[in-house]
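Each value in this text was obtained by applying a stated rule to the coordinates, not by laboratory testing. Just so you know, these numbers come straight off a predicted model, no measurement behind them. Cβ: placed from backbone, ideal geometry, glycine included. Neighbour counts: every protein chain shown.
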Amino acid sequence: MTKKHVAVLMGGWVNERPVSLSSGKDCADALEEAGYKVTRIDVNRNVSSVLEKLKPDVAFNALHGPFGEDGCIQGILEFLNIPYTHSGVMASSLAMNKVKAKPVLQAAGVPVTEDIVVNRHDIQREHPMRPPYVLKPINEGSSFGVLIVKQDQEFPPQELHRSDWPYPDVLMCEKFIDGRELTCAVMDDRSLGVIDIVPMGHSFYDYDAKYVEGGSKHILPAKISPIVYQTIETLAVKAHQALGCRGVSRADFRFDEREDGTGELICLEVNTQPGMTPTSLVPEMAAHKGMSFKDLVSWMVEDASCCR
């Protein structure tokens, strides 16, 4: 039987380009090993005409961040009628917008923390909420632009007022939840398990902790109580379904189990385009379930469709 022709979309022009190139290369290599015909596309703004000429059977979306993860490339693929991996236009757009996603998650019974939307120019001298809190761009990934304001910090971060601030002016400000960083992947509406992420030499799970070798330690399965473990799995599936995700997604959580902590378990966000690099979490969870990287990306190709 002739294997499908897969166009692996990677790169792009946003902050997460290096991560996307790494994800795309590994996925393309694995798909070639599985016997698929693979064309690697370093995406630029003429991607529509490139795909129209190429006419692949499937587009494997290995893009990260704006354009690749927010419904834009998904809309182009729908228009071209090319089946694609991961979530569709609406789910991608909704999950990428951290402010819009929260009410949907909350309505589905997935706990989230309080937040407000602020303009960076309006918070020069006065905190927008009582510290500790977190400031983050509404539509970025990989922890780009995230600022943690500690309890004893007198003023909002001065980085916000740089003339070369590289992110939008409007930010989400949310209550900081101390404790453990936990994540759970969902594949075809089923949990792949829960990982406890321990940043090594980093104050939180930032870009380097995510993608630099040795930047974090992954404990799989997470050493938490069975009840909390199962709760996180249930919530991750609920979040995946509430946002309308398809294929593979990953939900990130904070769990405050400190002796003097609040005991809170909250969902930070849902990633519709989880990383697929050598240090990424979803391949690790799939392997723990007995699924090789080659089998994982092959499943994603066979799951691809339009109208997702």
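Under a point-charge model restricted to the Cβ atoms of Lys and Arg (+1) and Asp and Glu (-1), what is the dipole moment magnitude of the chain relative to its Cα centre, in debye to the nearest 20?
With Lys and Arg at +1 and Asp and Glu at -1, about 760 debye.
Nearest 0.05, what FRET efficiency do K55 and R190 give at R0 = 35 Å with Cβ-Cβ as r?
Given R0 = 35 Å and the Cβ-Cβ separation, E is 0.60.
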Notebook entry, point to check: If you stretched the chain out fully between A108 and I227, how much longer would it get, using 0.36 nm times the residue separation minus the C-alpha to C-alpha distance?
Noted result: 40.9 nm
Margin query: Give me a comma-separated list of calculated 3J(HN,Hα) values for the stretch 30-36, in order, Karplus coefficients 6.51, -1.76, 1.60 applied at θ = phi - 60°, integers in Hz, x for any Gly or Pro.
Written below: 5, 5, 5, 4, 7, x, 6
Note to self: Could you work out how much longer the chain between T39 and H5 gets when fully extended? Use 0.36 nm per residue separation minus the Cα distance between them, nm to one decimal.
What the structure shows: 11.5 nm
Margin query: In whole Hz and in residue order, list the ³J(HN,Hα) couplings for the stretch 217-232 that follow from phi through the Karplus curve 6.51 cos²θ - 1.76 cosθ + 1.60, θ = phi - 60°; x for Gly and Pro.
Written below: 10, 10, 9, 9, x, 4, 8, 10, 4, x, 5, 5, 4, 5, 4, 4
Item checked: 0 to 90° range, to nearest 10: angle between helix 98-107 axis and the chain longest Cα axis -> 90 degrees
Check: Counting DSSP beta bridges in the chain, what percent are antiparallel, to the nearest 5?
Finding: 75 percent
Checklist line | Residues of type lysines that K217 reaches as a straight line, Cα spacing below 21 Å, ignoring anything fewer than 8 places off in the same chain | finding: K289
Note to self: If I model a spin label at T234 and Q158 as a point 7 Å from the Cα along the Cα→Cβ vector, what separation in nanometres do I get?
What the structure shows: 4.9 nm
Margin query: Could you compute the net charge surrounding S298? Neighbours are other residues with a C-beta less than 12 Å from the C-beta of S298; K and R count +1, D and E count -1.
Written below: -2
Check: Which longest run of the chain has no exposed loop site in it, a site being GluC sites (Glu not before Pro) in a DSSP loop with at most 10 other beta carbons within 10 Å, and the site itself not part of the run?
Finding: 1-125
Margin query: Amide H of S216 versus every other amide H placed in the peptide plane: which residues, excluding those fewer than 5 positions away on the same chain, fall under 5 Å?
Written below: M200
